[in-house]
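Chemist: Below are the structure tokens for one structure; questions will follow.
The values are calculated or read from the model by the stated rules, or taken from the named source; none is laboratory data. Since the model is a prediction, treat every value here as computed from it, not as a measurement. Heads up, the Cβs are rebuilt from the backbone with ideal geometry, glycines too, and the neighbour counts pull from every protein chain shown. Side chains included, ligands, DNA and RNA excluded: accessible areas come from the protein's heavy atoms. Shrake-Rupley method; radii C 1.70, N 1.55, O 1.52, S 1.80 Å.
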Amino acid sequence: MANATDSLLYETKDREEQEEDQTFEELGLDPRLIRALTKKNIENPTPIQRVAIPLILVCSHFSLFSEGKDVVARAKTGSGKTFAYLLPLLQKLFSNSSSKKRLAPNAFIFVPTRELCQQVYSEALSLIELCRVQMKVVQLTSTMSASDLRTTLAGPPEILVSTPACIQTCLSKGILQPTSVQDSLSILVLDEADLLLSYGYEDDLKALTAHVPRGCQCLLMSATSSADVEKLKNLILHNPYILTLPEVGDVKDEIIPKNVQQFWISCGARDKLVHILALLKLELVQKRVLIFTNTIDMGFRLKLFFEQFGIKSAVLNAELPQNSRLHILEEFNAGLFDYLIATDDSHSKEKEQGDGDSHVERRKGRKHAKKKLDSEFGVVRGIDFKNVHTVINFDMPQSAAGYVHRIGRTGRAYKTGASVSLVSPDEMEIFEEIRSILGENENKDSNFIAPFPLLTKNAVESLRYRAEDVARSVTKIAVRESRAQDLRNEILNSEKLKAHFQDNPKDLDLLKHDKALSKKAPAPHLRDVPEYLLDPTTQEASKIVKLARAAMGNTNSARRKGLKGKLRKNRDPLKTFSAEAPKNAFKGGMKRKGKGGSDSYKSKKKQSV
Ligand SMILES: Nc1ncnc2c1ncn2[C@@H]1O[C@H](COP(=O)(O)OP(=O)(O)OP(=O)(O)O)[C@@H](O)[C@H]1O
């Protein structure tokens, strides 16, 4: 059990503006890291970074055996938690002057999935390269053989990014000696901590705990404050500082950034195809678009359906080989295609393995699973999809947490974003549950998910005939065949990718993931929507969305150039078109409310009992 023994309240209200302009220099960051950030066009720290970086740096100076070095940081999705721990971690290692020969890494960063492993590894590697320091970061994956693991850990590297299971393998196979870990480890990060236990790493983490030296600084980063986070905190951390950023309540505990506008459309399950077609084809949502489905088959059905209308998209799911998945993410992030259809990790497993077990059970039972879906795959949680403006829930997620994590893929780093959920009568119950759980949050606004204002009934009806005709041609057999074909393509791609990436790690153009899968070539007349099918209201709405896209920029540089939220709000059709849009949509972001309010920065030092 933990009791609060100390509390630091950060003066906020009158310092809001000033703090938004705070620089990394003022946080005491090493000039090499600041230069590296500048090269990445990152100039001002986000709120979690403003608080966490100096705290982690100060705490790391506490004497070897004293408690109070550890930090728990909770902040909403997309708020910059990775740099919040990576920057002080690197700074700490830069100044590590010990000449003692090491036999294990100085820092472990644990993440729940391989995608996250790759993401964090790339961020760390790029910072190290830009800083031009002699430092090695490596990542481990569960597919590595013992000899690969041994080679990767030779040196040893300073930083290791991995899932907890891989470290446990290294310890149990004698690739890493527990005594070496005890001698070398000075910083341990548990990233996406809320997921580490649900992905089944409890035993691995428990086994590791015994080898974490007392002098090691442990950092726990999370978007939530669930029971799992509490358990993990008690398992590994000692008397940590708890940083809770504004807007992270104890909801139900996951909060959507306020710079994301949320909408919904009520429609029958069979009408979802015509609705999504209207949204994309009539350009009523801004690109780039991430579309979520609950099953892999539905993902392929959508892709085949889109193809007939000349809409290129790629699918991302747990069935694809790891190299392909990483490459699809990279291509999407590089802007090579605009529509990505993702099938959630949990749903693909639940529905397609035919049980509702936890990740833990699935991980244990994975050898017996008929379909080998990758248990370390996580398409939603923590993945940094770049510049996604719109998230569409083609199928509704099964929980409020799932909803928050999906929506959190837009509005990252305080950019603007929007979400549109297509809700069928069968999904009304979960939709209402999501609304009531999240609506209880601080704004108490039950209409914070507003009806989508830009799609008229006429617009939907004008496309109905074509949509239904094409939908009929996307049969179950067609879906099954294209799924098998895509898998074959991707396995081939994957082999090519492996070899190719060894020689050209930065080359993104080798393979395309948005290739057509249908056997039937799209009919030319379906590519464009003829004028006579468009009603004037829809044309007007589509024009405004295009204008807004051009005007908003939706970039941080626009922010820095003084395009404040208020100004952008006036230009955003989704905010001017509808009287039902959320009131606070642009107030959030980097701002904080006054001291003493629920939004105050609180840093509470907690004591483990
Ligand atoms: N100070 C900053 N200024 C501008 N962009 C930033 C800054 N810090 C981080 N970013 C960018 O913000 C995006 C989100 O960061 P990050 O992935 O660390 O968020 P997160 O809080 O870990 O989200 P999640 O909880 O979903 O994992 C990344 O693209 C990152 O490069």
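Chemist: Of all residues in segment 39-62, which are within 11 Å of the ligand (Cβ to nearest atom) and surrounded by fewer than 16 Cβ atoms within 10 Å (Cβ to Cβ)?
Modeler: Start the filter on segment 39-62 by keeping residues that are within 11 Å of the ligand (Cβ to nearest atom), which leaves 40-50, 52-53.
Residues satisfying the conditions are 40, 41, 43.
Chemist: Suppose we filter 87, 116 for residues that are among the aliphatic types (A, V, I, L, M), in a helix (DSSP H, G or I), within 16 Å of the ligand (Cβ to nearest atom) and modelled with pLDDT under 90; which single one remains? So that I can check it myself, show each step before the final result.
Modeler: On the way: 87 fails: modelled with pLDDT under 90.
Within the list 87, 116, the selection yields 116.
Chemist: State whether one or more residues within segment 203-220 are within 16 Å of the ligand (Cβ to nearest atom) and assigned to a loop (DSSP other than H, G, I, E, B).
Modeler: No; the residues of segment 203-220 include none that is within 16 Å of the ligand (Cβ to nearest atom) and assigned to a loop (DSSP other than H, G, I, E, B).
Chemist: I'd like to verify a number: residues in segment 195-210 that are free of Cβ contacts under 8 Å to residues at least 40 places away in the same chain and of a type outside the set (A, V, I, L, M, F, W, C), how many?
Modeler: 3
Chemist: How many residues are under 25 Å from residue 237 (Cα atoms) and part of a helix (DSSP H, G or I) when one looks only at segment 135-186?
Modeler: Of the residues in segment 135-186, 16 are under 25 Å from residue 237 (Cα atoms) and part of a helix (DSSP H, G or I).
Chemist: Okay, next question. Only one of (1) within 16 Å of the ligand (Cβ to nearest atom); (2) in contact with a Leu (Cβ under 7 Å, 6 or more places away or on another chain) fails for residue 459. Which number is that?
Modeler: Failed condition: (1).
Conditions (1) without any contact (Cβ under 8 Å) to a residue 60 or more places away in the chain; (2) within 16 Å of the ligand (Cβ to nearest atom); (3) surrounded by fewer than 16 Cβ atoms within 10 Å (Cβ to Cβ), marked per residue:
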position	(1), (2), (3)
402	yes, yes, no
407	no, yes, no
410	no, yes, no
413	no, yes, no
417	no, yes, no
420	no, no, no
424	no, no, no
433	yes, no, yes
436	yes, no, yes
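Chemist: For residues in segment 328-346 being in contact with a helix residue (DSSP H, G or I) (Cβ under 8 Å, 6 or more places away or on another chain) and surrounded by fewer than 24 Cβ atoms within 10 Å (Cβ to Cβ), which is modelled with the lowest pLDDT? Steps first, please.
Modeler: Of the residues in segment 328-346, the ones in contact with a helix residue (DSSP H, G or I) (Cβ under 8 Å, 6 or more places away or on another chain) are 329, 337, 339-344, 346.
Then drop every residue that is not surrounded by fewer than 24 Cβ atoms within 10 Å (Cβ to Cβ), which leaves 329, 337, 339.
On the way: 329: 84, 337: 87, 339: 94.
Applying the filter and picking the extreme gives 329.
Chemist: Okay, next question. Identify the residue in segment 2-21 that is within 13 Å of the ligand (Cβ to nearest atom) and crowded, with 16+ Cβ neighbours inside 10 Å and, among all such residues, is modelled with the highest pLDDT. Walk me through how you get there before you give the answer.
Modeler: Just the residues of segment 2-21 that are within 13 Å of the ligand (Cβ to nearest atom), to begin with: 19-21.
Narrowing further to those that are crowded, with 16+ Cβ neighbours inside 10 Å: 19-20.
Working: 19: 61, 20: 66.
The residue in question is 20.
Chemist: Of the numbered conditions (1) outside any helix (DSSP H, G or I); (2) open to solvent by 10 Å² or more (accessible area, probe 1.4 Å); (3) at pLDDT below 90; (4) out of contact with any Asp or Glu (no Cβ under 8 Å at 6 or more places or on another chain), residue 243 fails exactly one; give the number of that condition.
Modeler: (2)
Chemist: Is it the case that residue 122 is within 16 Å of the ligand (Cβ to nearest atom), within 16 Å of residue 323 (Cβ to Cβ) and out of contact with any Ser or Thr (no Cβ under 9 Å at 6 or more places or on another chain)? Steps first, please.
Modeler: Working: within 16 Å of the ligand (Cβ to nearest atom): yes; within 16 Å of residue 323 (Cβ to Cβ): yes; out of contact with any Ser or Thr (no Cβ under 9 Å at 6 or more places or on another chain): yes.
Yes: the conditions hold for residue 122.
A quick yes/no check of all residues on (1) more than 16 Å from residue 218 (Cα to Cα); (2) modelled with pLDDT under 90; (3) not assigned by the TED database to the domain that holds residue 78:
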| position | (1), (2), (3) |
| --- | --- |
| 106 | no, no, no |
| 159 | no, no, no |
| 168 | yes, yes, no |
| 186 | no, no, no |
| 193 | no, yes, no |
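Chemist: Kindly establish whether residue 199 is at pLDDT below 90 and either closer than 24 Å to residue 321 by Cβ or open to solvent by 40 Å² or more (accessible area, probe 1.4 Å) (or both).
Modeler: Here the answer is yes, as residue 199 does meet what is asked.
Chemist: Given the criteria at pLDDT 85 or above and in the same structural domain as residue 74 (by the TED database), does residue 220 qualify?
Modeler: Values: at pLDDT 85 or above: yes; in the same structural domain as residue 74 (by the TED database): yes.
So residue 220 fits the description; yes.
Chemist: Condition (residue is in contact (Cβ under 8 Å) with a residue 60 or more places away in the chain, touching a strand residue (DSSP E or B) at 6+ places or on another chain (Cβ under 8 Å) and farther than 22 Å from residue 78 by Cα) applied to segment 160-181: is it met by at least one residue?
Modeler: no
Chemist: Check whether at least one residue in segment 26-37 is within 21 Å of the chain's Cα centre (by Cα), over 22 Å from residue 69 (Cα atoms), within 13 Å of the ligand (Cβ to nearest atom) and open to solvent by less than 20 Å² (accessible area, probe 1.4 Å), and report yes or no.
Modeler: Within segment 26-37, one or more residues are within 21 Å of the chain's Cα centre (by Cα), over 22 Å from residue 69 (Cα atoms), within 13 Å of the ligand (Cβ to nearest atom) and open to solvent by less than 20 Å² (accessible area, probe 1.4 Å).
Chemist: Now, a different point. Please enumerate the residues belonging to segment 282-300 that are surrounded by fewer than 24 Cβ atoms within 10 Å (Cβ to Cβ) and in a helix (DSSP H, G or I).
Modeler: 297, 298
Chemist: Could you list, in sequence order, the residues of segment 221-237 that are away from the ligand (no atom under 16 Å from the Cβ), open to solvent by 30 Å² or more (accessible area, probe 1.4 Å) and not aliphatic (A, V, I, L, M)? So that I can check it myself, show each step before the final result.
Modeler: Keep residues of segment 221-237 that are away from the ligand (no atom under 16 Å from the Cβ), which gives 227, 230-231, 233-237.
If we keep only those that are open to solvent by 30 Å² or more (accessible area, probe 1.4 Å) too, we end up with 227, 230-231, 234-235.
Answer for segment 221-237, where residues must be away from the ligand (no atom under 16 Å from the Cβ), open to solvent by 30 Å² or more (accessible area, probe 1.4 Å) and not aliphatic (A, V, I, L, M): 230, 231, 234.
Chemist: Hey, another quick one. Filter segment 94-104 for residues that are hydrophobic (A, V, I, L, M, F, W, C) and either surrounded by fewer than 19 Cβ atoms within 10 Å (Cβ to Cβ) or not assigned by the TED database to the domain that holds residue 57 (or both); which is nearest to the ligand (Cβ to nearest atom)?
Modeler: Step one: filter segment 94-104 for residues hydrophobic (A, V, I, L, M, F, W, C), giving 94, 103-104.
Keeping just the survivors that are either surrounded by fewer than 19 Cβ atoms within 10 Å (Cβ to Cβ) or not assigned by the TED database to the domain that holds residue 57 (or both) gives 94, 103.
Working: 94: 19, 103: 31 Å.
The residue in question is 94.
Chemist: Mind listing just one residue for me: the one in segment 301-319 that is outside any helix (DSSP H, G or I) and open to solvent by less than 10 Å² (accessible area, probe 1.4 Å) and, of those, farthest from residue 144 (Cα to Cα)? It would help to see each step written out before you state the result.
Modeler: Initially, segment 301-319 is screened for residues outside any helix (DSSP H, G or I), giving 309-319.
Filter once more, so that each one left must be open to solvent by less than 10 Å² (accessible area, probe 1.4 Å): 309, 313-318.
Values: 309: 42, 313: 31, 314: 28, 315: 26, 316: 23, 317: 21, 318: 19 Å.
Of everything passing the filter in segment 301-319, 309 is farthest from residue 144 (Cα to Cα).
Chemist: While we're on this one: Is it fair to say residue 124 is aliphatic (A, V, I, L, M) and closer than 29 Å to residue 344 by Cβ?
Modeler: On the way: aliphatic (A, V, I, L, M): yes; closer than 29 Å to residue 344 by Cβ: yes.
So residue 124 passes the test.
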